[in-house]
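Heads up: the structure comes next, in structure tokens.
The values are calculated or read from the model by the stated rules, or taken from the named source; none is laboratory data. What you see is a predicted model; the values in this text were computed from it and never measured. Positions of Cβ are generated from backbone atoms using ideal geometry, with glycine treated the same way; all protein chains shown enter the neighbour counts. Keep in mind that these areas ignore ligands, DNA and RNA; they rest on the heavy atoms of the full protein, side chains included. Shrake-Rupley method; radii C 1.70, N 1.55, O 1.52, S 1.80 Å.
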Amino acid sequence: MTNATLKQLSQQLAAGAVSSVELATHYLDRIEALNPQLNAFITVDRARTLADAAAADAARAAGNAGLLTGVPMVHKDIFCQQGWKTSCGSKMLDNFISPYSAHVVEQCNAAGLITLGRANMDEFAMGSSNENSYYGAVKNPWDLNAIPGGSSGGSAAAVAARLTPVATATDTGGSIRQPASHCGVTGIKPTYGVVSRYGMVAYASSLDQGGPIAQTAEDCALMLNVMAGFDERDSTSLERAREDYTRELNQPLAGLRVGLPREYFAEGLDADVAKVIEDAVAELKKQGAQVVDISLPNTELSIPAYYVIAPAEASTNLSRYDGVRYGHRAAEYKDLVDMYEKTRAEGFGAEVKRRILVGSYVLSHGYYDAYYLKAQKIRRLIANDFKAAFEQCDVILGPVAPTAAFNIGEKSGDPVQMYLSDIYTLSVNLAGLPGMSVPAGFDRRGRPVGLQIIGNYFGEAKMLNVAHQFQLATDWHTRAPAL
Ligand code: GLN
């Protein structure tokens, strides 16, 4: 049961080989045993999960089961979930029990999935290593000295450690792909607007996008079928016909044009990571893919542009945490302004404060044109680079991060070093494109390395097809850490 995929669990439940209560008990026991080492969860509520599992079993007995009824899952602590603490990894929301559910959570509930718990994450999804959580760092299940990647480190670590078959996650600048890569699991960030942001705590609204992390591309496709879809409560949700993301999984890859951006294989890329990506490309070539040399000339500018735009949006989004309506409020204060100041000083961690300062600065009168407006122009150039590239290829391949997981503490004292690890992921968010990470090998220290697949707008089914065909021929995604 431990290594079963979502697909297999769905089949076992349908065949009556296992009940949802048995499955939930199995995972809850594993969480109890292994989470003290990993710190992948912020909240677990055994009684509630078992009650939901019993209800799923009853629905199945009554003939009301769908494909995923009774399958356990985990939500990143950024998705509001009615009756569950939704902390977003912050002291600011440590006392916040959500009165409503995010669209993503509603969709998962409607599909009959049951919640095992809430995954740890970087505070307000700001980070690349999951060291910024108020609840402490998440450990990488492959090596407890290593970071799991951020900000969805809890989600990725939980799937890698087989504490859940699947987890939700979000990606503003790489937070699905990076932790998936570092933990040896599969994750997809859809095209901006495909998954509703309603009820997803906002970090940088023009970049944030939810998606699944699972063992396989096939499971990601099944989950995306549940999570995607138009929602009028998110003004950037796209009104499109429902898609079946599994529809292209079994297509052969003969004739597929695979673009390799020069800039993704230049200086700064670890040799082991480069080798893993080369081998993955060779495998796809063996299956009939044609390699095209492409260029994304503005890649380097993605870091400064992103680290202006994301903090700018964060500084406005986070102004709502003022101690008045919900969340943390300082215990003692002189007057209203003092209450605001103390509340925010106490409630936010160092990285969040850094972003608020940067964001307020670049949006301020006199600096707006020099920074924010300039960054928006670069954003357009980056999107144009991809537009030109996709005239020559169907998908783009590259690394997810310059190195495999680094050690806990290695970069936490140097924000710029930390930001540089986002070089291959940020452009995708700035352009609004879909991107995914697929397990493709290990580095010299035995730490997982992911292959990044970038698709054109609404190219999710094609990307999942490439990933699935790769997984039919390789077994990287089946490897699990010894815990
Ligand atoms: N590392 C990036 C940041 O800190 C991306 C995080 C994310 O995708 N949520 O902003």
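Checking Thr43, Thr25 one by one, the residue that is within 29 Å of Asp231 (Cα to Cα), open to solvent by 10 Å² or more (accessible area, probe 1.4 Å) and of a type in the set (Val, Ile, Thr) is Thr43 and no other.
Limited to segment 390-426, what total is found for residues that are away from the ligand (no atom under 12 Å from the Cβ), of a type outside the set (Val, Ile, Thr) and more than 16 Å from Asn130 (Cα to Cα)? Matching residues across segment 390-426 total 9.
Does Val352 satisfy the criteria of being open to solvent by less than 70 Å² (accessible area, probe 1.4 Å), in contact (Cβ under 8 Å) with a residue 12 or more places away in the chain and within 29 Å of Pro415 (Cβ to Cβ)? So Val352 fits the description; yes.
Say we look at segment 87-138 and pick out the residues that are hydroxyl-bearing (Ser, Thr, Tyr) and within 16 Å of the ligand (Cβ to nearest atom); which of these is most open to solvent (accessible area, probe 1.4 Å)? My answer is Tyr134. Filtering Gly409, Gly441 for residues that are on the phi > 0 side of the Ramachandran plot and either modelled with pLDDT under 95 or buried (at least 17 other Cβ atoms within 10 Å of the Cβ) (or both) leaves a single hit, Gly441. Of the residues that sit in segment 233-273 and are buried (at least 17 other Cβ atoms within 10 Å of the Cβ) and hydroxyl-bearing (Ser, Thr, Tyr), which one is farthest from Arg445 (Cα to Cα)? Across segment 233-273, the extreme among qualifying residues is Ser237. Considering (1) away from the ligand (no atom under 16 Å from the Cβ); (2) farther than 22 Å from Ala214 by Cα; (3) in a loop (DSSP other than H, G, I, E, B); (4) in contact (Cβ under 8 Å) with a residue 60 or more places away in the chain, the lone condition that Asp385 does not fulfil carries the number (3). For Leu483, the test of being touching a Pro at 6+ places or on another chain (Cβ under 7 Å) and open to solvent by 40 Å² or more (accessible area, probe 1.4 Å) is passed.
Matching residues to (1) closer than 22 Å to Ile378 by Cβ; (2) away from the ligand (no atom under 14 Å from the Cβ):
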residue: Asn429; (1), (2): yes, no
residue: Phe442; (1), (2): no, yes
residue: Gly450; (1), (2): no, yes
residue: Tyr457; (1), (2): yes, yes
